[in-house]
Amino acid sequence: MKVVLPFAIAMIALTGCSAIADNGTSELKWYKTKEETINHGIKEEKMKKEDIIGEVSENGETFVIYKKQFEEGLGVGVSSISEQEGKFAWYDPDQDVLVKNDKVKKYSSEISWGTTTQSGKDFTIYTGLSDDQSPIVKTRTSEVSPAIDKKSGIYFYIEPAK
């Protein structure tokens, strides 16, 4: 409990601060190619190219899934690539999530949340950590086999919200 309470308080504080900082005044940076956009995202997220563990195209949107190392453990971030008039932008509306807490032995790593892309489409993201190389994820409508990064054990699945 001592670890969970400070973590919850920190997440609320971070979410509140980012909501204040991003009140619609921040502008997206548009690039000519998807590759330039991903390179910008790598710098923006302070990661390396090898931290990207997947790219998902769903319902006309492109998502980039990446791992991040936090003080508490292993995390996952999901950003989308917006496309308008032949240009691309990195869009990251959500906080990264912790899928492995090194300080808590029984840490549930099955996480799902709703997100909205820059174009206004709603999706549900499912992620977590698995030792099984073929995990099954229960979504609201079915059971699916998510993509998995075999090296880290992070799995992910994205579906349009209905």
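The values are calculated or read from the model by the stated rules, or taken from the named source; none is laboratory data. Remember, it's a predicted structure, so these values are computed and weren't measured experimentally. All Cβ positions, glycine included, derive from the backbone under ideal geometry; neighbour counts span all protein chains shown. These accessible areas exclude ligands, DNA and RNA; they are computed on the full protein's heavy atoms, side chains included. Shrake-Rupley method; radii C 1.70, N 1.55, O 1.52, S 1.80 Å.
Of note:
- Checking each residue in segment 57-109 for being out of contact with any helix residue (DSSP H, G or I) (no Cβ under 7 Å at 6 or more places or on another chain) and among the hydrophobic types (A, V, I, L, M, F, W, C) picks out PHE63, ILE65, PHE70, LEU74, VAL76, VAL78, VAL97, LEU98, VAL99, VAL104.
- Here the condition is being more than 23 Å from ASP51 (Cβ to Cβ) and either in contact with a Cys (Cβ under 9 Å, 6 or more places away or on another chain) or of a type in the set (S, T, N, Q) (or both); of GLN84, GLN118, it holds for GLN84 alone.
- For segment 147-156, filtered to residues that are without any contact (Cβ under 8 Å) to a residue 40 or more places away in the chain and not in a loop (DSSP other than H, G, I, E, B), the residue that is most open to solvent (accessible area, probe 1.4 Å) is ILE148.
- When residues of segment 63-89 are limited to those that are open to solvent by 20 Å² or more (accessible area, probe 1.4 Å) and in contact with a strand residue (DSSP E or B) (Cβ under 6 Å, 6 or more places away or on another chain), the one nearest to THR116 (Cα to Cα): PHE88
- Among the residues making up segment 44-56, those that are modelled with pLDDT of 95 or more and not in a loop (DSSP other than H, G, I, E, B) are LYS49, GLU50, ASP51, ILE52, ILE53, GLY54, GLU55, VAL56.
- Given (1) open to solvent by 50 Å² or more (accessible area, probe 1.4 Å); (2) touching a Leu at 6+ places or on another chain (Cβ under 9 Å), index of the condition LEU98 fails: (1)
- Scan of segment 62-86 for residues that are modelled with pLDDT of 95 or more and over 13 Å from the mean Cα position of the chain (by Cα), ordered by number: none
- Subset tally (residues that are part of a strand (DSSP E or B) and open to solvent by 40 Å² or more (accessible area, probe 1.4 Å)) for segment 112-146: 8
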